[in-house]
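The structure under discussion is supplied below as structure tokens; questions concerning it will follow.
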Amino acid sequence: MSSYSVRPAVPRDAKVIAEIHVATWQAAYHGLIPDEVLKAMTYEKRLAYWKEAIEYSDPQILVATDSDKVIGFVGFDRSRDAGTKSSVGEIWAMYVTPEHWRKGAGLALWDGARDGLKEEGCTQVTLWVLLANVRALEFYEHAAGFKRDMPSLRTTAFGSVRLEEIRLKRLAD
């Protein structure tokens, strides 16, 4: 059983969400994405984004806490992919501080997001992940039950490097 609590984000969480987003992005993608791209992801830009996201619930955001300290977050809403039905939700972002990786925080966030998406009438959930991000693929496929949507493979530029992303999907049950 997880010791993590999950709750909706409130405006005062924007600062720690931005800190987690930048630090965890830089840790998770070190060696995959060029250092100059990782360094360009600034706290100030992320703070502005997450303040607005929390204010307008676009996307909806939940935070995971450990003893009242925010240690991760998930942003979710309807799918942003063109041509998808309104019953398709998407995990827009999910990050947990490295010291809490593989300890249940990600699953607690996924459970909360899945419940939120079901409340919105979503019957299917998708997300995009870098193929080179083995840790994330293992989590989403083995722990959270997502499957690869093979025709969705796309290439995305990160500075001078081009990396393949794949959409994962599963039922929201």
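Sort out which residues of region 69-94 are farther than 15 Å from residue 7 by Cα and of a type outside the set (D, E, K, R), and write them in order of number. Don't jump to the end; show me each part of the working.
Filtering region 69-94 for residues farther than 15 Å from residue 7 by Cα gives 77-93.
Answer for region 69-94, where residues must be farther than 15 Å from residue 7 by Cα and of a type outside the set (D, E, K, R): 79, 82, 83, 84, 86, 87, 88, 89, 91, 92, 93.
Something else now. Check whether at least one residue in region 110-129 is surrounded by 20 or more Cβ atoms within 10 Å (Cβ to Cβ), closer than 23 Å to residue 57 by Cα and among the polar types (S, T, N, Q), and report yes or no.
Checking region 110-129: at least one residue is surrounded by 20 or more Cβ atoms within 10 Å (Cβ to Cβ), closer than 23 Å to residue 57 by Cα and among the polar types (S, T, N, Q).
Still on this structure: Considering each of 24, 65, 97, 42 in turn, give the residue that is within 21 Å of residue 166 (Cβ to Cβ) and of a type in the set (S, T, N, Q).
Working: 65 fails: within 21 Å of residue 166 (Cβ to Cβ); 97 fails: within 21 Å of residue 166 (Cβ to Cβ); 42 fails: within 21 Å of residue 166 (Cβ to Cβ).
Only one candidate qualifies: 24.
Quick one: would you say residue 103 is under 17 Å from the mean Cα position of the chain (by Cα) and either within 24 Å of residue 8 (Cα to Cα) or without any contact (Cβ under 8 Å) to a residue 12 or more places away in the chain (or both)?
Details: under 17 Å from the mean Cα position of the chain (by Cα): yes; either within 24 Å of residue 8 (Cα to Cα) or without any contact (Cβ under 8 Å) to a residue 12 or more places away in the chain (or both): yes.
So residue 103 passes the test.
Hey, another quick one. Which residue, of 95, 29, is surrounded by 21 or more Cβ atoms within 10 Å (Cβ to Cβ), touching a residue at least 40 places away in the same chain (Cβ under 8 Å), farther than 23 Å from residue 173 by Cβ and of a type in the set (Phe, Trp, Tyr)?
Details: 29 fails: surrounded by 21 or more Cβ atoms within 10 Å (Cβ to Cβ).
Going through 95, 29 in turn, the sole match is 95.
Being more than 19 Å from residue 79 (Cα to Cα) and surrounded by 15 or more Cβ atoms within 10 Å (Cβ to Cβ) is the filter here; which residues of region 142-173 pass it?
158, 163
Bear in mind that the values in this text are calculations on the coordinates, not laboratory data. Just so you know, these numbers come straight off a predicted model, no measurement behind them. Positions of Cβ are generated from backbone atoms using ideal geometry, with glycine treated the same way; all protein chains shown enter the neighbour counts.
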